[in-house]
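The values are calculated or read from the model by the stated rules, or taken from the named source; none is laboratory data. Quick caveat: nothing in here was measured; it's all calculated off a predicted structure. Because the Cβ atoms are built from the backbone with ideal geometry, glycine has one as well, and the counts that use them run over all protein chains shown. For accessibility, only protein heavy atoms count, side chains too; no ligands or nucleic acids. Shrake-Rupley method; radii C 1.70, N 1.55, O 1.52, S 1.80 Å.
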Amino acid sequence: MITPGLIDAHLRLDRAFTPPFAHGVTAVAGVAADLDTASALGETGLGGVTYLETRCEDEARWEREGRDQLITAIREVDHPGAVGIAAHSPDPMVMEDLAILSRTFGLRLHIEPGRHPIAFLDEVGALGYGCHVAVSGPLDESDRKLLRIRNTVVAISSRFAAEGLLDSGNLIAFGTRTGGDPLAVARALSHGDSPHERHDLDRILVEAVTAGGARALGMAEGPHRIGCLSQGGRADFAVFDVEADARTAYTALLHEGPGRCVAAFVGGRPRWHTGKGAGATRGAENTGEAGNGEARRLA
């Protein structure tokens with residue numbers, strides 16, 4: 001089965017980060033605590049957005065040095081892809097200024113709303129198309145409704161965090177936080193009393209790991225869109241050792257796909273395949289032209 005590349009919509013990075021190509025992941029929302037970590041992600045060949053994390057504790061420190069440090073880091077990060085802001089400050093005034101900075105520079109925001117109420121994030125203009133939130137616990141109905149109104153994608157990482165989201169019509173994606181297989185995270189939420197209910201839910205879950213992740217990263221539209229296989233989009237795709245027809249494709253991928261990715265391509269270039277692991281990136285570069293041609297035919 002050939003699928004769009006999977007997207008991990010919440011992944012904390014470190015300098016020893018291992019790209020999750022083996023899970024079919026081709027793009028991530030990577031949260032980096034420093035410039036070196038942010039730059040290291042660009043060397044892996046992964047797509048997505050690198051979010052520079054800001055945890056400045058108070059407004060005085062932010063005014064004194066925090067703002068200038070962040071602006072400098074945005075300008076200096078050695079990364080070929082998109083750069084955003086992980087707005088994780090506990091100070092409300094800093095959060096408001098970060099929302100302003102994101103709009104001023106046209107940068108995406110990554111927010112963990114446990115630090116601030118959803119209503120506050122809306123008041124300071126943080127929510128909307130340019131932002132996605134990563135939740136660690138359930139949201140109440142008023143929060144889910146506000147996020148729906150603002151078309152803000154919610155990245156969920158567990159059954160506990162997903163409570164109420166699958167039935168409320170919110171835009172969702174999946175994140176692993178520490179790395180791993182987002183398809184396996186989605187599989188943990190699959191249930192249903194009838195085959196029809198299971199099929200519909202499985203479709204929603206698979207689309208959340210692909211198209212939903214692309215929406216979270218602001219990459220679901222335009223000439224370099226990801227999360228889908230379509231003419232004109234970027235050729236990010238994965239191959240899974242799973243057999244199915246159109247009727248059973250979503251369920252088969254969700255329940256049989258985790259652990260059975262055999263190849264991953266980013267921008268038409270082979271990055272990983274079974275048997276060579278991380279070293280396949282180097283070996284596959286020798287067949288880059290063939291890979292690009294194949295990607296064009298498939299996507």
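What residue, among those in the range 80-106 that are open to solvent by 30 Å² or more (accessible area, probe 1.4 Å), within 22 Å of residue 219 (Cβ to Cβ) and not β-branched (Val, Ile, Thr), is modelled with the lowest pLDDT?
80
Quick one: would you say residue 75 is closer than 24 Å to residue 120 by Cβ, open to solvent by 30 Å² or more (accessible area, probe 1.4 Å) and at pLDDT below 95?
No; evaluated as a whole, the condition is false for this residue.
Please list, ordered by residue number, the strands (runs of 3 or more DSSP E) wholly in the range 128-240 having 1 or more residues that are farther than 17 Å from residue 29 by Cβ, in contact (Cβ under 8 Å) with a residue 40 or more places away in the chain and open to solvent by 30 Å² or more (accessible area, probe 1.4 Å).
Result: 237-240.
Sort out which residues of the range 16-39 are over 23 Å from residue 261 (Cβ atoms), out of contact with any strand residue (DSSP E or B) (no Cβ under 6 Å at 6 or more places or on another chain) and open to solvent by 30 Å² or more (accessible area, probe 1.4 Å), and write them in order of number.
34, 35, 36
Would you be able to tell me the number of residues in the range 241-266 that are open to solvent by 30 Å² or more (accessible area, probe 1.4 Å) and closer than 26 Å to residue 42 by Cβ?
The total comes to 2.
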